Amino acid sequence: MQESLSKRCTVASDVVCPFCGTLCDDIEVDVKDNKITDVRHACRIGTAKFFSVLEEGRPTKPLIRKNGVMVETTVDTAVKKAAEILKKSIRPLLYGWSSTSCEAHAHGIAIAEEVGGVIDGTTSVCHGPSVLAIQDVGCPSCTLAEVKNRADLVIYWGCNPMHAHPRHLSRYTIYPRGYFRERGHQDRELIVIDVRKTDTAKIANKFIKVDYGRDYELLGAIRAAVNGNEINAEVVGGVTKEEIQKLAEKLKNCQFGVIFFGMGLTMTSAKHRNIDNAICLTKDLNRHTKFSIMPMRGHYNVTGFGEVLTWQTGYPYAVDFSTGYPRYNPGETSANDVLQRGEADAALIVASDPVAHFPRKSVEYLAKMPLIYIGPHHTPTSLLADVFIPSTFVGIETGGTAYRMDTVPLYAKKVVDGPKGVLSDEEILERIYKEIVRGK
Amino acid sequence: MASLIIKNGTVYDPANNVNGEKMDIYIKDGKIVEKAARGAKKIDCNGKIIMPGGVEIHSHIAGGKVNSGRLLRPEDHKKLVMPKTKLTRSGSGFSTPSTFMTGYLYSKLGYTTAMTPAMPPLMARHTHEELNDIPMLDKGSYPLTDGNWFIMRYLKDGDIEKAAAYAAWLLRSTKGFALKITNPGGTEAWGWGKNCKSLDDPVPYFDITPREIIKGLAEVNEMLGLPHSIHLQANNLGRLGNYETTIDTIKVPSGTKNKDRQTLHLTHVQFHSYGGDSWKNFESEAETVAKAVNKTDNAIIDTGNVTLDNTTTMTADGPMEYYLQSLTHFKWMNRDVELETAPGITPFIYSPKMSTAAIQWAIGLELGLLIKDPWKVLMTTDHPNGGPFTRYPRIISWLMSRPARDEMLEKVNAAAGKRSSLASIDREYDFNDIATVTRAGQARSLGLSETKGHLGIGAHGDVAVYDIDPDNMDPSKDFKGIEKAFSAAAYTIKGGEVLVRDGEIVKVTYGNTYWTNPHVDKSLEKEVLSDIEYNFKRYYSVNLANYPVQDKYVKNPIELKIDAQKVGA
Amino acid sequence: MKEIILTPKELPDVGLIAETITPDLFAGKSIGKIASLLIFAGNQRKKLGDFFEVAGKSADDASDTRIVIKGDITKVKMVGKGTKAGEIVIEGSAGMYVGEEMRGGKITVLGNVDSFAGQTMRGGELVIKGNAGDYLGAAYRGDWRGMRGGVILVEGNAGAETGLFMVGGKIKIKGNCGTFAGVHMKKGLIIIEGQTPERAGAEMTGGSIVVMGDTDILPTFAPVNEEKNPEIDGEKLKGTFQTYSGDHAERGAKGMLYKFV
Amino acid sequence: MIEVNLITGRTIEQGASMEISKLSDEYTKATAICELDSEDMTQLGIKDGDNVKVSSVAGSVIVKARNATQGPHKGMAFIPMGPWANSITGTGSDSTGMPPFKGIDVKIEEAKAEKVLSARELIEEVYRGI
């Protein structure tokens, strides 16, 4: 931090933004009297996140449900209660993790292993299908400045970065000047493929509208064209055969191409098979030119959770420790399946909000079981919790490691102190772990 | 810290010319000492052999690429699991075990040190996070410099001192131990889907050749006075007829000298000793390569043995992994790293029935047996590329026993016998040779021979004890017994603490991470830093301030400070 | 053949993992020994006898042992995992992974089975009188070598991704089949007597899929010819079939799709 | 009443307001909405800002109809991800782990007289009784 203006006003530079998987690391934050006064370079959502630490009425004291009402308590009591719930449970679900540090993840995994629970990340309802596809067919990819320096063809398929990753295009893909692309966007072509003309599609050189749920067929048809095979239909997914063949030629003849994809593929009919076919298309294209593909990971450290869980257990999400060793099979050991099958009997939710983001049926089950929630805000999940331990914001009030969507790890530093008495996720989880193993 | 007396064992300590002598070893405060300390705990090793703790120079155990390999292969992880115990964490993975499990498995084999050889600098934080989660071992990692834009440009401009200053900065920024080069130039070419096919095939747009990169980096390495030499994966890995490139490569840095060690470490040479021009006439050229190694005094190699398993290949050599998956049509990961390198990953099944795999198996052993001086050839599997490190005991049995090899030659595809010289080799390693290729030689190559790979006074108290009575066991005949004994150390002692007893973990510790920190002339460093700053803003995707690995990422660091201020002065 | 009878008691909501229920592990064991075999209830290490009444007698050899489960075990996973010989009859519905990695013997389920039945099966016979879930006879995550041998017969319907990465064996479904039947298939045969909505044979490079009912064929399949009463992998089919080759999204694909006309 | 295909997903407004607080009015304003094609709105006889009831097999929810800005997409409705959308997303995952968040068959009816609940009200009404 460099001193500026008055003694108490500092500027933190090279700050990592803890919002999305773009993980911008060029943010400047002005701080006066331990209060954030200005945020520069961040997008609208990132800025909102930095300022959200100032939320009025932000919870600072742990709460425990007593006779149906949440009452204030001490961290010690809340930690003890949380440990008690987890120890008593015979199949606890530990879910979330995308908006906290890798240091916190490690403690969470240790707890899951100790209590023989199921641990799952928000990947499950985001790029889980991408993981399944990668495990079946692989994934030729690269880091983001490879795109910046080399790409002359960029495709966004089923994603809308103008809304979900607002600085993605300006930092890495379309607008920046790169070593081999000195004129920035003039040296590149942007193609958007989506079911609707999104705000990203509006700025594309070419927008291809695909019929809802027909991405898989369109991908297959493009592959057939790339591989020199016939397409046995005049129109596939709303796109004509001629247009598909023209597109295939364009893909084969670029110098360095890349496909970014999002929930428009992972959540739509065919789910992981869309990604599977998109990856296979990328593999096919590498016979002709250089091509990469990358999931647009949502939360700033959803990638990091997958990395830590993978190196510690061998699997990236949906890991079941109930037999004493890691077992993995999304569809069985993933959060929504465990919940909807009624297989969990307690839950620890950290750094995510399943009550807002899970389907109703899953939430109905969550509402029935003892629920522990750790996070900085009141959320729909905290409303249903039996134990709520407020925590600091990682990357703003607590430092920690996060992995960008292309798996580049960065240290997200602290810029202000958190509210007095509020611990970090990492510290809270470590205390819960210690409480669980105490006396064992 | 406990003091130990390791009594009555038969000691093999080649660095100190101890070859099968009955003697006692004393440990105090974590180090080997001359005399027994008062109150020292005794460990009776009568009827057992004693070696220094195993040292591993090249094993992909941590980092982005390794983790991508884990991610890619749930079916591999389902195959082998370790449940949690009171002492140890759980884990999974046969060819790419999870971190905790990696440490336990190495320790059970009697290893106490392992280096992970290929760290993309941009991903260094990740490598260290994983190293921190690998228990039982001392560790280190080698930043990749093969396709590095700064290095290539400085070398192209003939600015060797700036290249050295940059390399010093890179080691410091990544907390790296040695300079790794993988398919020099080829990884940058892979940015365009291309490759460098010979030592003189120029890198697209950079106007420099692999030969110039290797030569330049060898000079940089010696200029900085790093403990290890350059650690090189030669061009054309896995390609037919690549032995010519390999022999050519051995000669490249012959001008550089170092009195204590080689100036070139050529890694997993099994994959680089291929003859033939089609997979139908694929054959071993291990004899030719071994001859070249026998002749040189500046290069040593590690073998990269193939163990005939279903494994995961992973290397920073992106074009090679692409080529391999184009043969197998297996799933394939590629992970190009901006301005630096291009790792790739794909599974591979070395089926004993396949002629290629059988010949590859033979080549690894031929190299070990045909290179005369055991100090010049180190045993590795290039884990997990040739097979997982957990197969070391089996390789030891093959090296020590001609009957073991003959039995295999009967079982595997007949091509192994016909298109390699293995069937005609009588040589059998003795325990001293094994101790050299798995410990002493590895430590010397790394430049860590003061404290590692031997049992002399002042060495680390890292000791492996195996349940083998050399007076009553003929390794040539009882090769199954050899494999069994090396699979489960009777004791693994690290820093004077017993970590493994009778093949079981009895204590969990976390070792040190070694990194080197050479300091060059200040004004040169400043000049290079401003160059770095200029290029970072334009071409990297992260800010320079966020690039260097913060101190907190290295658990139990051992920083090797190196005065290289004459560089640039 | 000797019979062991398991009668389920109250089963916990969290479900059981009961990979120990297989003739190979029961053979040569007394009732008491069988009742003390390990079963996981959530994270609890329990005994088989905690959840099942065990009666009857086992043979010394697995191939002479039949296990009869009297009742519904929808909450029980992995029954018959890795079975090499002998027989299991489940007189109700069964949970996930029935007959996972089965190599021989026979498993019959009178009710329905949940997903992942016959996962990575290598031999033997799996008969399901009711419906099957998703991933019937499929590969485990990431495995490019799925079902390698044996026969699966479903008298009701099956779910999505039946026969994923199949490399051998046969799957016969009398009812309807979900989407992506035979996805990534390389060898073997899938017969769907009912309909399958779409995407049968997606990314297949070999093997055969027969569909008697309605289906939408992917645009990356090419019509070949009409065949009468074809014989595929020893199965004699009656009627006229339009054949398609594919999936031509893949290079050099040699998969065959037979559609009843 | 119209029958359409519903997709749910992110918007920048939903994202920014979520970071402020999911219990804030801004969040309700940004997220308790349903973007509809103008033709579909005409058919329903409603205009931008009118409340509609969106129902699927899983349940129903009241949200504010909004003119689709990223259209036209006749026959398709869009509700930003959040508790309102998830009141009507379906069950199961086809054994993949991923619930159906897009491609849900829904009915939309005008519901000018009914109230859009806040996140807090919605959670309390739907789940507290359980």
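Each principal axis of the Cα cloud of the range D:2-127 was taken in turn, and the coordinate range along them, longest first, works out to 35, 34, 27 Å.
Taking trypsin sites (Lys or Arg not before Pro) across the range B:265-342, the ones in a DSSP loop with at most 10 further Cβ atoms lying within 10 angstrom of their Cβ are B:Lys280. Take each residue in A:350-358, count the other chain C-beta atoms within 10 Å of its C-beta, and the mean is 5. Can you tell me the FRET efficiency between A:Val235 and C:Gln242 if r is taken as the Cβ-Cβ distance and R0 is 30 Å, rounded to the nearest 0.05? Computed FRET efficiency for A:Val235 and C:Gln242 comes out at 0.90. Here the range B:446-562 is treated as a sphere whose radius is the Kirkwood value from Cα pairs; by Stokes-Einstein at 20 °C and 1.002 mPa s it diffuses with a coefficient of 113 µm²/s. Just how many % of Cα pairs in the range A:128-295 lie over 19 Å apart, if you round to the nearest whole percent? Considering the range A:128-295, 52 percent of its Cα-Cα pairs are separated by more than 19 Å.
When you filter the trypsin sites (Lys or Arg not before Pro) in the range D:3-87 for DSSP loop state and at most 15 other Cβ atoms inside 10 Å of their Cβ, you are left with D:Lys47, D:Lys74. Among B:Val520, A:Val75, the sequence by solvent-accessible area, most first, with a 1.4 Å probe is A:Val75, B:Val520.
Rounded to whole Å and sorted largest first, what semi-axes of the equivalent ellipsoid does the C-alpha gyration tensor of chain A yield via the square root of 5 times each eigenvalue?
40, 28, 17
Here is the size of the range B:189-287 from its Cα atoms: Rg then Dmax, 14.6, 46 Å. Legend: mean number of C-beta atoms from other chains within 10 angstrom of residue C-beta atoms, peptide B:321-331, equals 3. The accessible area of A:Asp30, taken with all protein chains in place and a 1.4 Å probe, comes to roughly 30 Å². Under the rule a/c < 1.5 gives rounded, and otherwise a/b versus b/c splits prolate from oblate, where does the range A:43-161 land using the Cα gyration tensor? Oblate shape, in that a/c is at least 1.5 and b/c is the bigger or equal ratio. All other residues whose Cβ lies under 10 angstrom from that of A:Tyr300 are scored, Lys and Arg at +1 and Asp and Glu at -1, for a net of +3. Using the basic label-point model (7 angstrom from Cα toward the beta carbon), what is the D:Asp25 to B:Ala2 distance in nanometres? About 6.9 nm separates the two model spin labels. Only DSSP H runs of four or more residues enter the estimate; each adds -39500 (n - 2.57), and after division by the residues of chain A the mean residue ellipticity at 222 nm equals -10000 deg cm²/dmol. Note on A:Lys88 and B:Asp159: with the Förster distance fixed at 56 Å, the Cβ-Cβ geometry gives a FRET efficiency of about 0.25.
A DSSP coil position with no more than 14 other Cβ atoms inside 10 Å describes none of the trypsin sites (Lys or Arg not before Pro) in the range A:10-88. Just so you know, the Rg over Rh for the range A:137-227 is 0.99, from Cα atoms, with Rh as the Kirkwood radius.
Answer rounded, prolate or oblate for the range B:226-347, using the Cα gyration tensor with square roots of eigenvalues a ≥ b ≥ c: rounded when a/c is under 1.5, else prolate when a/b is larger than b/c, else oblate.
In terms of gyration-tensor shape, oblate.
Peptide C:247-255 shows a mean partner chain C-beta count of 6 within 10 Å per residue C-beta.
Length, then width, then depth: along the principal axes, the Cα atoms of the protein assembly as shown run 93, 91, 68 Å. Among the protein heavy atoms, those of A:Cys102 account for about 0 Å² of accessible surface (1.4 Å probe, every chain in place). Distances longer than 21 Å among the Cα atoms of the range B:171-232: what percent of all pairs is that? Above the 21 Å cut-off, the range B:171-232 has 28 percent of its Cα pairs.
As a check on your grasp of the helix formula, calculate [θ] at 222 nm for chain B: sum -39500 (n - 2.57) over DSSP H runs of n ≥ 4, divide by the residue count, round to the nearest 500. Theoretical 222 nm ellipticity from helices: -9500 deg cm²/dmol. Of the beta bridges in the range D:2-127, as assigned by DSSP with both residues counted there, near 65 percent are antiparallel.
The 3J(HN,Hα) values that the Karplus relation (6.51, -1.76, 1.60; θ = phi - 60°) gives for the range B:374-384 are, in residue order, x, 6, 9, 9, 10, 8, 9, 10, 6, 2, x Hz. Gly and Pro appear as x. For chain A, DSSP calls about 45 percent of its internal beta bridges antiparallel.
Here, chain C yields an orientationally averaged convex hull projection of 13.2 nm² when only Cα atoms define the hull.
Over the Cα atoms of the range B:433-513, the radius of gyration divided by the Kirkwood radius equals 1.00; this is the Rg/Rh ratio. With both residues required to sit in the range C:115-260, DSSP beta bridges show an antiparallel share near 35%.
In the neighborhood of A:Asp76, defined by Cβ-to-Cβ distances under 10 Å, what is the net charge if each Lys or Arg adds +1 and each Asp or Glu adds -1? Neighbour charge sum, excluding A:Asp76 itself: +2. Measuring how big the range A:2-54 is from its alpha-carbon positions, Rg and Dmax come out at 11.0, 34 Å. Under a model in which nothing but the beta-carbon of Lys, Arg (+1) and Asp, Glu (-1) is charged, the protein assembly as shown shows a dipole of about 1360 debye around its Cα centre. The shape of chain B comes out oblate: with a ≥ b ≥ c from the C-alpha gyration tensor, a/c is at least 1.5 while a/b does not beat b/c. Here's the picture: a label point sits 7 Å out from the Cα of D:Arg120 along the beta-carbon direction, and within the range A:374-392 the residues with their amide nitrogen under 16 Å of it are A:377-385.
Note on the range A:297-406: semi-axes of the ellipsoid equivalent to its C-alpha gyration tensor, largest first and rounded to whole Å, are 22, 21, 12. Size estimate for the range C:115-260 follows the Kirkwood approach: the inverse of mean 1/r over distinct Cα pairs works out to 14.3 Å. Highest-first packing order for the peptide set B:39-47, B:408-416, B:392-400 is B:392-400, B:408-416, B:39-47, based on the mean count of other beta carbon atoms within 10 Å. Between B:Lys526 and B:Lys197, the FRET efficiency estimated from the beta carbon spacing at R0 = 35 angstrom works out to 0.35.
The fraction of Cα-Cα pairs per 10 angstrom bin, counted from 0 for the range B:328-449, comes to 12, 37, 30, 18, 3 percent, rounded to whole percents. When peptides B:548-558, C:20-30, B:213-223 are sorted by average Cβ neighbour count within 10 Å, with the highest value leading, the order is B:213-223, C:20-30, B:548-558.
Each semi-axis of the equivalent ellipsoid for the range B:490-533 is √(5λ) with λ an eigenvalue of the Cα gyration tensor; in descending order they amount to 46, 10, 6 Å.
The values are calculated or read from the model by the stated rules, or taken from the named source; none is laboratory data. Every value quoted in this text rests on a predicted model; they were computed, and no experiment measured them. Please note: Cβ atoms are built from the backbone with ideal geometry, for glycine as well, and neighbour counts cover all protein chains shown. With ligands, DNA and RNA removed, areas are computed over all heavy atoms of the protein, side chains included. Shrake-Rupley method; radii C 1.70, N 1.55, O 1.52, S 1.80 Å.
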